[in-house]
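Participant: Could you have a look at this structure, given as structure tokens, before my questions?
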Amino acid sequence: MTVSFVAYIDESGDEGFKFRTRVGEQISSDWFVLSAFVTRKKTDIETVKVIDKVRDEFKLHPRKHIHWKDLKHPQKVRYAQIVANLRARLIAVCVHKPSLLEPEKFQQRYRLYFYAVRYLIERISWLVRDRHNPKKWGGDGTAELLLSNRQGMSYDEMRDYLRLLKKQQESGQDIRIEFDKVLIDKIKTYTPGKSMGLQLADATAGAFFNALERDKFGNTEPRYLQTLAPVLYCHELSIKGYGLKVVPREAIPGLIKNESLRWLSELK
């Protein structure tokens, strides 16, 4: 039996910890975002082929790889409007690096990325668990994970890390991934240019990142994310902690005092 869902995963921001000391200076991003664009397997091809529509509207070459960061503001707005009408759900884990209590731990190889992967896969597994409808959509109730290929990344180490989490869960530790819902041993990687779904994941990550990361003038742009609100993963009428997971959670009260992030308090 085939899988029921496909989760395309990409990132935005960097893993550095040398932060700005004044407006206009930028060494490392304040935020690291890891996001998923999740489709039902039965309608996956139909959904991701929307990339052709985007290329057509933007008058791009039919095989052009669409990079969110290369688009202008009006194009990003339109792209978000198109995605907001798709049969998909979006999830993002957004790490505010300056608020991490022990930043030195996250400067070890892959540590920050794996940290975000854990929380993201956790939410993907919840979505699959809650939205699987075999009579209507078929499949075995699992999700296939397709990641944007990171140069130099050891995906064997990632699989080992996830297997370790599974063993820790079995021994009684508080690990909340529904492991029977996500195929951690069959993680696949592609370059975004070879996957329309990963180009949509790139746009998802970019929209979250633009909403959170201050530009050189100290401003953020939440409009793209607000446009995407209809397709953010929502559980029991809440997006917070599901479609949008901010880490560390304890940082949120301080973050929303900043005018550029006040929209976080308005997101339901």
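Only the coordinates and a few stated rules stand behind these numbers; no lab work does. These numbers were taken from a predicted model, which means no experiment stands behind them. Quick reminder, even Gly has a Cβ in these numbers, built from the backbone with ideal geometry, and neighbours come from all protein chains shown.
Participant: Based on the alpha-carbon gyration tensor of the range 1-98 and its eigenvalue square roots a ≥ b ≥ c, which shape applies: rounded if a/c is under 1.5, prolate if not and a/b is larger than b/c, or oblate? Let's see the in-between values first.
Facilitator: On the way: a/c = 2.84, a/b = 1.50, b/c = 1.89.
It comes out oblate by the Cα gyration axes.
Participant: Another question about this same structure. Which label belongs to the value computed from this structure, given these candidates for mean projected area of the Cα convex hull in nm²: [x] 17.2; [y] 19.8; [z] 14.6?
Facilitator: Structure-derived value, by its label: [z].
Participant: Relative to the Cα centre, what is the charge dipole magnitude of the chain, using +1 at the beta carbon of each Lys and Arg, -1 at the beta carbon of each Asp and Glu, and rounding to the nearest 20 debye? Kindly include the intermediate steps, with their values, before the conclusion.
Facilitator: Values: 47 positive and 34 negative charges, 119 e Å.
The dipole of the chain has a size of about 580 debye.
Participant: Which one, L200, P62, L267, projects farthest toward the positive side of the charge dipole computed for the chain from Cβ point charges (K/R +1, D/E -1)?
Facilitator: Farthest towards the positive end: P62.
Participant: Charges only on Cβ, +1 for Lys and Arg, -1 for Asp and Glu: so what's the dipole of the range 42-132 about the Cα centre, in debye to the nearest 20? Before the final figure, lay out the partial values.
Facilitator: Numbers: 21 positive and 10 negative charges, 33 e Å.
So the dipole magnitude of the range 42-132 works out to roughly 160 debye.
Participant: Apply 1/(1 + (r/R0)^6) to the Cβ-Cβ distance of L183 and A229, taking R0 = 30 Å, and write down the FRET efficiency to the nearest 0.05.
Facilitator: Values: r = 29 Å, r/R0 = 0.97.
It comes to 0.55.
Participant: With a Förster radius of 51 Å, plug the Cβ-Cβ distance of D160 and K59 into 1/(1 + (r/R0)^6) and report the FRET value to the nearest 0.05.
Facilitator: Working: r = 45 Å, r/R0 = 0.89.
For D160 and K59, the calculated efficiency is 0.65.
Participant: Highest mean first, what order results for 27-34, 214-221 on Cβ atoms within 10 Å? Don't skip to the end; give the middle numbers.
Facilitator: Numbers: 27-34: 20.6, 214-221: 13.9.
Put in order of decreasing packing, that is 27-34, 214-221.
Participant: Quick one: longest stretch of the chain between exposed loop GluC sites (Glu not before Pro), exposed meaning at most 11 other C-beta atoms within 10 Å and loop per DSSP?
Facilitator: So the longest stretch without any such site is 26-235.
Participant: Would the range 160-268 count as rounded, prolate or oblate if I go by the C-alpha gyration tensor, calling it rounded below 1.5 in a/c and otherwise prolate when a/b exceeds b/c, oblate otherwise? Write out the running numbers ahead of the final one.
Facilitator: On the way: a/c = 2.12, a/b = 1.41, b/c = 1.51.
Oblate is the answer for the range 160-268, as a/c is 1.5 or above yet b/c matches or exceeds a/b.
Participant: Only four residue types carry charge here, +1 at the Cβ of Lys and Arg and -1 at the Cβ of Asp and Glu. Report the dipole size of the range 18-176 about the Cα centre in Debye, rounded to the nearest 20. Show your work: numbers first, answer last.
Facilitator: Working: 34 positive and 19 negative charges, 98 e Å.
Its charge dipole is roughly 480 debye.
Participant: Please find, in a Gaussian network model of the chain (springs between Cα atoms separated by less than 10 Å), the residue of D156, D202, D44 whose mean-square fluctuation is greatest.
Facilitator: D156
Participant: Rank Y224, I252, I82 by how far each Cα sits towards the positive end of the charge dipole of the chain (+1 on Lys, Arg Cβ; -1 on Asp, Glu Cβ) and give me just the farthest.
Facilitator: I82
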